[in-house]
Amino acid sequence: MIIKDKARYALFCQEYKNLPVYFNNWYLDYACGENNWEVLICIENEQLYGVLPFYKSTIPLLGKKIGMPRITPFMGVYLVIPEGLKKVSRGSLEKKVVGELVDALPKFCYFNVRFHRSFGNWLPFFWKGYLQQTMYTYVIPDISNTEEVFANFKSSVRNKIRKAEHLVTVELSQDIETFYLLNKMSFERQNKKIGYDLANLKRMDEVFARNNARRIFLAKGNDGRVHSALYLTFDRVTAYVHLIGEDPALRNSGAGALLVWEAIKYAHRDLGLTEFDFEGSVIENIEENRRAYGADQVPYHRIRKVNSFMLRLAFSVIKW
């Protein structure tokens, strides 16, 4: 049975310890707007088996769109399948749950969602005419042995860290304005426009801070200049490199590598977390950088469907 019940979902978010941070109702209220997201819950005999929160917007003249809110790495289906089931039973249950969630989606002109890496079987979407694209994130699955984690870094990364330790000091900060400045510099260095303004980032930071789900790391030189900044988000299991920034004039200090290393140690030592997720990219130079930290390449799904004839026509002549 599929229900729409945000109160029930809020309770689930509070109680379920393995839920990725971006699925939390408080995050969705910020990222989507309280009235711009809904959730489908698959539940039988009070047992919850899966959820599908989704962000809804409108494309003028065409209809409803289900997509991704800004600065959000993933959404989609999250399954809660009981432990101990035989593979055949688990597979059958997953197929049933995902199929029911897909069937319960409202009418839309366009669906485009990046799913969490824990979601594997997208066939129920395929059978309903959806398309899939494999994307990748990079994950260090066990950060409990930080010496081993460091040893798995590429030698060039370890050298950058050792160099930076003599040039900068890493500190925790509440200075979201300085972080934004560094973050914006990183976009400008690549001749890209940042996709959000300071006011939006402040709203995001207020939500994460209120729910004790973020840390801001800054690397400062002896002259007080900030070389690099890292915005770490986390849930009860995983730390995420959510946003980063560097001063292009100071990139050679190696401060960016040092911040990643310090964030990994902090996530294990101070937060008691087990995983470290770089939040992925298929951009070649970013992929190479993430892989240099010894992280595992982990696939996830980007699932899409176009129901609008006009959109299909437009997408047939442009890259989508």
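Numbers for the structure displayed
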item: Ratio of Rg to Rh over region 122-268 (Cα coordinates, Kirkwood Rh, two decimals); result: 1.03
item: Candidates per GluC sites (Glu not before Pro) in region 17-120, loop by DSSP, up to 13 other Cβ within 10 Å; result: E34, E46, E83
item: Positive-end residue, region 161-320 charge dipole about Cα centroid, Cβ charges, pick of S281, L218, V168; result: S281
item: Cβ-placed point charges (K, R +1; D, E -1), dipole of the chain about Cα centre in debye, nearest 20; result: 1060
item: Mean residue ellipticity (222 nm) of the chain, computed from DSSP H runs ≥ 4 via -39,500 (n - 2.57), nearest 500; result: -10500 deg cm²/dmol
item: Solvent exposure of the chain as accessible area per residue, Å², 1.4 Å probe; result: 50
item: Area projected by the alpha carbon convex hull of region 217-320, averaged over all directions, nm²; result: 9.8
item: GNM result for the chain, Cα springs below 10 Å: residue of G256, G33, G76 fluctuating most strongly; result: G33
item: Chain lengthening between N191 and R162 when straightened (0.36 nm per residue, less Cα-Cα); result: 7.4 nm
item: Cα-based equivalent ellipsoid of region 1-99: semi-axis lengths in Å, sorted from largest, via gyration tensor; result: 26, 16, 12
item: Sparsely packed chymotrypsin sites (Phe, Trp or Tyr not before Pro) within region 89-159, loop by DSSP, other Cβ within 10 Å at most 15; result: W127
item: Computed Rg/Rh of the chain, alpha carbon atoms with Kirkwood Rh; result: 0.98
item: The chain: most fluctuating residue of I216, I43, I140 per GNM, C-alpha cutoff 10 Å; result: I43
item: Accessible area of the chain belonging to carbon and sulfur atoms, whole % at 1.4 Å probe; result: 49
item: Cleavage-rule hits (chymotrypsin sites (Phe, Trp or Tyr not before Pro)) in region 1-96: DSSP loop, at most 16 neighbouring Cβ within 10 angstrom; result: Y16
item: Linear extension gain, N285 paired with Q14, 0.36 nm per residue minus alpha-carbon span; result: 93.8 nm
item: Förster radius 35 Å - calculated FRET efficiency between E83 and N212 (Cβ-Cβ, nearest 0.05); result: 0.80
item: Spin-label pair D223/R90, simplified geometry with 7 Å Cα→Cβ offset, distance in nm; result: 5.6
item: Dipole in debye (nearest 20) - region 148-258, about Cα centre, beta carbon charges: Lys, Arg +1; Asp, Glu -1; result: 300
item: Most fluctuating residue given options A209, A199, A104, as computed from a GNM of the chain linking Cα atoms under 10 Å; result: A199
item: Semi-axis lengths (Å, descending) of the ellipsoid that matches the C-alpha gyration tensor of region 30-72; result: 25, 13, 8
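The values are calculated or read from the model by the stated rules, or taken from the named source; none is laboratory data. Note that the coordinates shown come from a computational prediction; the quantities given were computed from them, not determined experimentally. Every residue, glycine as well, gets a Cβ built from its backbone with ideal geometry; the counts of neighbours run over all protein chains shown. When the accessible area is computed, the model is the full protein with side chains, heavy atoms only, and any ligands, DNA or RNA have been set aside. Shrake-Rupley method; radii C 1.70, N 1.55, O 1.52, S 1.80 Å.
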